[in-house]
Amino acid sequence: TTRVYVHAVPVSNAGTGGTECDLNFVLNALPSVGIGTWTMVSGPGTALFTPNANSPSATVTVSAYGTYTFRWTETNVTCTSSSVVTVNFYQQPLADAGTGGDECDLDFVLNAIPSIGIGTWTMTSGTGSAIFTPGANSPSATVNVSEYGTKEFTWIEANGLCTGTSVVIVNFHQQPVANAGSGGNNCGLNFNLRALPSLGTGTWTMDGGPGNATFSPDVNSFASKVTVTAYGTYVFRWTEVNGTCSNSSTVSVTFFQQPSANGGIGGDECDLNFVLNAVPGTGIGTWSKVSGPGNATFSPDMHQSNATVTVSQFGAYDFAWTEANSLCTSSDIIRVTFHDAPVVNAGADVLLCKGRSIQLSASGTGSFVWSPASPLNNPNIYNPVASPDATTTFTVNLTDPWGCKNSDQVNVEVRIQPVANAGPDQELDFTFETNMQASALGTNQTGVWTLIEGVGDIS
């Protein structure tokens, strides 16, 4: 007899291969019957199977990156079957995007450190758009963004299906353009600085000068007022900082000592001339008319501190005494009011009988003084009562509130009281006409006959 052994034929299934981003791969054969064994068919290096080559799910570790073919062979006595899988072992890229930083414009030179594979730059955070030059695959590409702000850039390295990423942060700040404004020559120890701010935070500092400087309200105000402690030339710097970007500009100011003009005092004048009384300083002084209704001339000249000014019309005038010292001037203004003589009227001339009194009456504004005073009850009022014994001319002197004087006169003619004498009585007997025999008239006397009783004609 013959014994025949019938063995099951194994059906090998090596599973699936794939791609691995290191040197290890977990194989995944599907065992059927018999004993299975892993072997390396091809590849650039060697292979080690753990825990052993007979494990369907052995982990294969290769010695070099590349494409490998592995065979899974199943043996059942004399029957065998095999199948293969392909595994691509790629080295994992170690992406390093380099360093970011701060930039004072819209361009930044990226600085990735390439490892393996193909690297690509993308902007993954931030507003606006980004362009990479010469291209997004250049590790040291220059990125140009469309807007200022904080941006995140990602460097992605791909080796086969394996990738690695790294990010950098770049702050794009707009570069300030500082403009300190204009300086110049200044009279006194104060000067109003006026920078033209662009962006960021501006700060004033003193670069040089013979004294110290303080800024008001503070050093960050573009329109600060600077006060120095000594006269001379100073340089002030306006620095603008935006993020890490800065720019500065300087201005020069020369401070001259300011003269202090003193025009003295003005006042009231009762004619058209006034003696000015400025206090002369160290510079050259000059008188000028600021306002007034007429013209003004200064004698002996306009540079005389105590010049006499003569105006052409009465009224209020302002005169300026200006002193100049180097580039600086100072003015002081005084007012002089030129008053015309006050208007006064003593009244009309009058006649007075001797032994009687009459009340005088002057008109005008101010204080009155009459002379001669003896025939008057009060010479210091505008309407005194006069009792002269003889014809008298009275003068009234008026002084107005500014001390200006004027006078007028009134004549009081005193006449003797007339004594009428009609002459002797007459007795007529059948006579119807007679001549009156009154006493002769005196100087300035007139007489008038009137009929008191009876009937008759006087002619």
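Cysteines without a disulfide-compatible partner in the chain, using Cβ under 4.7 Å as the rule?
Cysteines lacking a close Cβ partner in the chain: Cys79, Cys353.
If you count only protein heavy atoms and use a 1.4 Å probe, how large is the accessible surface of Arg335, to the nearest 10 Å²?
It works out to around 140 Å².
Which order do Met123, Met436 take when ranked by solvent-accessible area (1.4 Å probe, heavy atoms of all protein chains), largest first?
From most exposed to least exposed: Met436, Met123.
Can you list the residues of segment 325-357 with backbone N under 18 Å from a point 7 Å past the Cα of Gln409, pointing along Cα to Cβ?
Backbone N within reach: 344-352.
Ranked from the most accessible area to the least, with a 1.4 Å probe and all protein chains present, what is the order of Asp268, Asp349, Asp318?
My answer, sorted largest first, is Asp349, Asp268, Asp318.
Test of understanding: express the Cα radius of gyration of the chain as a ratio to 2.2 N^0.38 Å, with N the residue count.
That ratio works out to 2.81.
Evaluate the charge dipole of the chain about its Cα centre and quote only its size in Debye, nearest 20, assuming +1 on the Cβ of each Lys and Arg and -1 on the Cβ of each Asp and Glu.
Computed about the Cα centre, the dipole is about 2900 debye.
Take the Cα radius of gyration of segment 20-148 and divide it by 2.2 N^0.38 Å, with N its residue count; two decimals is plenty.
For segment 20-148, the normalised Cα radius of gyration is 1.71.
Which distance in Å, rounded to a whole number, links the C-alpha centroids of segment 158-213 and segment 113-137?
30 Å
Round to the nearest 10 and report in Å² the accessible area of Trp238, as given by a 1.4 Å probe over the protein chains' heavy atoms.
Around 10 Å² of this residue is reachable by solvent.
Quick one: plug the Kirkwood hydrodynamic radius of segment 136-268 (C-alpha pairs) into Stokes-Einstein at 10 °C, 1.306 mPa s, and report D in µm²/s.
Roughly 85 µm²/s, to the nearest whole number.
Once you place label points 7 Å from the Cα toward the Cβ at Thr16 and Thr282, how far apart are they in nm?
10.0 nm
To the nearest 10 Å², what's Tyr382's accessible area with a 1.4 Å probe?
Probe radius 1.4 Å; accessible area of Tyr382 about 110 Å².
According to the Cα gyration tensor, what semi-axes, each the square root of 5 times an eigenvalue, does the equivalent ellipsoid of segment 266-422 have, listed from largest to smallest in whole Å?
Computed over segment 266-422, the values are 53, 12, 11 Å.
Take Ile113, project a point 7 Å from its Cα along the Cβ direction, then tell me which residues of segment 129-152 have their backbone nitrogen under 17 Å from it.
So the set is 139-141.
Per q in 0.14, 0.22, 0.23, 0.25 Å⁻¹, report the Debye log10 I(q)/I(0) for segment 118-207, using one uniform scatterer on each alpha carbon and no solvent.
These q points yield log10 I(q)/I(0) values of -0.66, -1.07, -1.13, -1.24.
Relative contact order (percent) for segment 197-316, with alpha-carbon contacts under 8 angstrom and 6 or more residues of separation?
This gives 18 percent for segment 197-316.
Determine the equivalent ellipsoid of segment 356-434 by diagonalising the alpha-carbon gyration tensor, then write out the semi-axes as square roots of 5 times the eigenvalues, largest first, rounded to whole Å.
Listed largest to smallest, the semi-axes of segment 356-434 are 48, 11, 9 Å.
Calculate the all-directions average of the projected area of segment 5-78's alpha-carbon convex hull, and give it in nm².
Result: a mean projected hull area of 4.8 nm².
Name all residues of segment 301-331 having a backbone nitrogen under 12 Å from the label point set 7 Å from the Cα of Val290 along its Cα→Cβ direction, giving them as ranges.
Correct set: 317-322, 331.
The values are calculated or read from the model by the stated rules, or taken from the named source; none is laboratory data. None of the values given here were measured: they were computed from a predicted structure. Every residue, glycine among them, receives a Cβ derived from its backbone with ideal geometry; neighbour counts consider all protein chains shown. SASA here: full protein model, heavy atoms, side chains in, ligands and nucleic acids out. Shrake-Rupley method; radii C 1.70, N 1.55, O 1.52, S 1.80 Å.
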